[in-house]
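Accompanying notes for the structure given below.
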Amino acid sequence: MRTADLEAGFARHRRELHVHCYRMLASVPDAEDAVQETYLRAWRGREGFDGAHLRAWLYRIATTVCLDAARARARRPASGGEVSWLTPYPDTLLEPASTDGEPDALVVARETIELAFLVALQVLPPRQRAALLAREVLGLSARETAEMIGTSVAAANSALQRARETLRAHLPSHREDWSAHEPSPAERELLARFVDAHERQDAAAALAAAAEDIRVTMPPAPYCFEGHAQLATLLERAFGGEREGDWRLLPTGVNLMPAAASYLRRPGDTVFRPFKLDVLRVEGDRIAEITTFGWSWFPALNLPDAL
């Protein structure tokens, strides 16, 4: 295969390969490294590739790269289910681009990149994770899945079955449809309530928007806060004490989920400075989970460096 053809084909499929690696590894920097390694391995093997089924070939390489990375790092979620290496995936990286007759957006939409789903995937051994993504996200056959993960059809089917059973036990919801979608009007309304409550520093309003069993995590820190009582303690810290000041929040998009970028103006300061990024998981008419990341993701979301 000519280098120019490989480069053109890789460019067409790069975005969806990046999302695939992110699902496998739950980290944008790790996914970026995996995509770069995928290209290097493809370039080294280009002479032995006949040019047919380029997308499938690249997915096989990318999956192998991710399996190697996952085994090398030997990461396992903490006992409470926290995934310290989890990072957000900015919606700005999901702008559609065409592949061989199929937009990347369709590939992304077949299955979610919702954070709860990503965290549950990390519980699976790497090969089971790859088998589940191949069958239920990429829509591959049992034979194609076996080829992609380098095993027999029987072993691939067994890995898929075990993955499905484990995933059901670890997903924090009885939802069956985890397909990706833009935030619904109800989710946007809850995000607006979240923003308003925080800007007014109204703890009662913030608690009213939250489910009784709300869960708050802060990767990479191994913290997990559950329920109204613990959320109230967090709000007390945010609205006074060590973080006393005024808040401004900007709605944004992460992992196709509602999110808000928080800026804090401390006493004596004249501007609001980046502080944190909250990603909301909504169940029904309440916020079921908040995943809080640092402000270092603001540039990737095209957010201002001060307000």
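For segment 188-222, the set of residues classified as of a type in the set (Asp, Glu) and in contact with a Lys or Arg (Cβ under 9 Å, 6 or more places away or on another chain) consists of Glu199, Glu212, listed by residue number. Scanning segment 274-307 for residues that are farther than 21 Å from Phe225 by Cα, in contact with a helix residue (DSSP H, G or I) (Cβ under 8 Å, 6 or more places away or on another chain) and not in a loop (DSSP other than H, G, I, E, B) yields Pro274, Ala300, Leu301.
Table: residues versus (1) within 24 Å of Val119 (Cα to Cα); (2) surrounded by 15 or more Cβ atoms within 10 Å (Cβ to Cβ).
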| position | (1), (2) |
| --- | --- |
| Ala4 | no, no |
| Glu7 | no, no |
| Leu25 | yes, yes |
| Ala31 | yes, yes |
| Tyr39 | no, yes |
| Gly48 | no, no |
| Ala52 | no, no |
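Look at segment 125-153: where a residue is more than 25 Å from Ala74 (Cβ to Cβ), no partner that is part of a loop (DSSP other than H, G, I, E, B) and modelled with pLDDT of 95 or more sits 6+ places away or on another chain with Cβ atoms under 8 Å. Go over the candidates Arg215, Arg164, Arg168 one by one and state the one that is touching a Phe, Trp or Tyr at 6+ places or on another chain (Cβ under 8 Å) and among the basic types (Lys, Arg). Arg215 is the lone residue from the list that is touching a Phe, Trp or Tyr at 6+ places or on another chain (Cβ under 8 Å) and among the basic types (Lys, Arg).
Here's the yes/no breakdown for (1) under 27 Å from the mean Cα position of the chain (by Cα); (2) modelled with pLDDT of 95 or more:
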site	(1), (2)
Ala210	yes, yes
Ile214	yes, yes
Cys224	yes, no
Arg237	no, no
Arg243	no, no
Val254	yes, no
Ala261	yes, yes
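For segment 253-273, filtered to residues that are in contact (Cβ under 8 Å) with a residue 24 or more places away in the chain and outside any strand (DSSP E or B), the residue that is nearest to Thr217 (Cα to Cα) is Asn255. Of the helices (runs of 4 or more DSSP H) lying entirely inside segment 118-224, the ones with 2 or more residues being touching a helix residue (DSSP H, G or I) at 6+ places or on another chain (Cβ under 8 Å), of a type outside the set (A, V, I, L, M, F, W, C) and surrounded by 21 or more Cβ atoms within 10 Å (Cβ to Cβ) are found at 126-136.
The values are calculated or read from the model by the stated rules, or taken from the named source; none is laboratory data. All values derive from a computational prediction rather than experimental measurement. For neighbour counting, all protein chains shown are included, and Cβ atoms are generated from backbone atoms with ideal geometry for every residue, glycine included.
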